[in-house]
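The values are calculated or read from the model by the stated rules, or taken from the named source; none is laboratory data. Because the structure is a prediction, the values reported are computed rather than measured. Cβ atoms come from the backbone with ideal geometry, glycine included; neighbour counts cover every protein chain shown. Quick note on the areas: whole protein, heavy atoms, side chains included, nothing else; ligands and nucleic acids left out. Shrake-Rupley method; radii C 1.70, N 1.55, O 1.52, S 1.80 Å.
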Amino acid sequence: MGLLARLGLAVAFHAWMLNRGVRCLFGDANLYWYLASSLRWGGAFEVEQWGIVHHALRTPGYPGFLAGCQLLFGPSPLAARLVQALIAAACVPLTILLARLVLGPRLADQPLLSGEGRQRRWAGVTPAILAGGFVALDPLTAASAVVLLSESIFPTVMLLFLVAMAHLRSPNPLASPNPTSTRLPIRLWTALGAGIAAGVGVLIKPSWLLFPPLLALAWPFLTGGGMVNRRRAALQSFIMLAAAALTLAPWWIRNHQTLGRFVPTATWAGASLYDGVGPQANGASNLDFLNDPAWWPLDELRQDRALLDQSWRQIGEEPGRVAYLALIKATRFWSPAPQADELGSPLARLLCATTTLPILLLVGVGVVVLLCRGKLAELVLLAGPLGYFATLHLLFVGSMRYRIPAMVPAFILAAVAVHWLCGSGRRTGSSLPTHPKRELIPPRCPN
């Protein structure tokens, strides 16, 4: 159902774009498409904007994906949208798998209605299945899969990373039947896979850069157990980070050879931060400041450094104003309906809000449920990306566009909330261990 919805939406959205005579709603799409065309024909990964040649204006993950689509299907935006729909549809089974790994079978596979309240038509609906249904049918998640932006394929890569990390916590990982086998343990392969997914995620969406290291630092304290388990978790974190670094290494080497400086992601950080905290900032994105002669004559590296320095100066000199902007950005980030004028009529926004607002409330309930049960590690895996991006965009510009990818694992929290509200979680204690009641045996009378 999720695949069919995304394929149909891709065709409809492409027809709408043709009718408007544009490639996509956002200006970033044209930049990605140009870089992809250059890669397809063996050209340099560079673009000229504001009179300056940029060699690392964007990371190569998403342009490389579009270049592959162009190589296989020609310069057809519709073909790219359809491929994105296929990749995005994989989020549905990955969400179900993540729910089962994180919540455990006692909660993830328990029917929403049990006992006298259980009905036959609800017998197969579990929190894991419900979370997958949320992902399949959520209109914002489906819509983000067909626009020519990095948010289209990033959720799938992010879920691969979270699934791998959740598998590292699973109590019964697959193991070799032969104890003397020289093959690498499955946990090592899983950590390597998590690192590769983390690196690919950064190449697609550079703002993801800090989340894997932050999770790695907290990982030994989230896995539970004694000192041995913590050491094993620390080794897993190291392997994950090493694999991520190796995945990013070709991009780092290329940037150093081209620019003469280490650039971990792109030279767009300065402009992005200044867009969020500069004197012209209002919470939304407005890059007109790049036409200012104070910035555009500078070369790529000098412009990035100058904008970063000026941004941090603004934060230090006007903390009150920056805090007020952060409040506006948070409002935009958590908005249940799109705020940009090009995203539809007021009626469309109202319909979007009626489907999104209940989900956001359910996610909040799910967070409280897991907190009350002491499920900190589970909460970090499911709500961590959402909290990370929400915090990040208190400095950078705010938009619900940046919330949509992080909502995919958070749908599991909404399913947990529904399970709890239906009464099954409250009656059984969900995944909490239960102990058999002791029978009271009357004392025997002496003969």
Point to revise | Relative contact order for the chain, counting Cα pairs under 8 Å that sit 6 or more residues apart, in percent | key: 18
Check your understanding: What is the projected area of the convex hull of the Cα atoms of the range 240-349, averaged over all directions, in nm²?
Key -> 10.0
Practice item. Please list 349-362, 22-35 highest first by mean number of surrounding beta-carbon atoms within 10 Å per residue. Key: 22-35, 349-362
Review point. Based on the inverse mean of 1/r over its pairs of different Cα atoms, what is the Kirkwood hydrodynamic radius of the range 14-83, in Å?
Key: 12.6
Review point. For the chain, what is the charge dipole size about the Cα centre, in debye to the nearest 20, if Lys and Arg each add +1 at the Cβ and Asp and Glu each add -1 at the Cβ?
Key: 2000
Practice item. Run through every distinct alpha carbon pair of the range 314-418 and return the Kirkwood hydrodynamic radius in angstroms, one decimal place. Key: 14.8
Review point. Tell me, what % of the accessible area of the chain is carbon and sulfur with a 1.4 angstrom probe?
Key: 66
Point to revise | Over the range 172-325: Kirkwood hydrodynamic radius from C-alpha pairwise inverse distances, Å | key: 18.7
**Study point:** Solvent-accessible area per residue for the range 1-148 (1.4 angstrom probe, square angstrom)
**Key:** 45
Study note, to complete from the structure: With label points set 7 Å from each Cα along the Cα-to-Cβ direction at residue 16 and residue 46, the distance between them in nm comes to 3.8
Study note, to complete from the structure: the range 226-274, Kirkwood Rh and Cα Rg, ratio Rg/Rh at 1.23
Point to revise | Ranked by how many other beta carbons lie within 10 Å on average, peptides 265-272, 411-418 from highest | key: 411-418, 265-272
Point to revise | Gyration tensor over alpha-carbon atoms, the chain, equivalent ellipsoid semi-axes in Å | key: 42, 26, 23
Review point. Points 7 angstrom from Cα along the Cβ direction at residue 106 and residue 302: gap in nanometres?
Key: 6.4
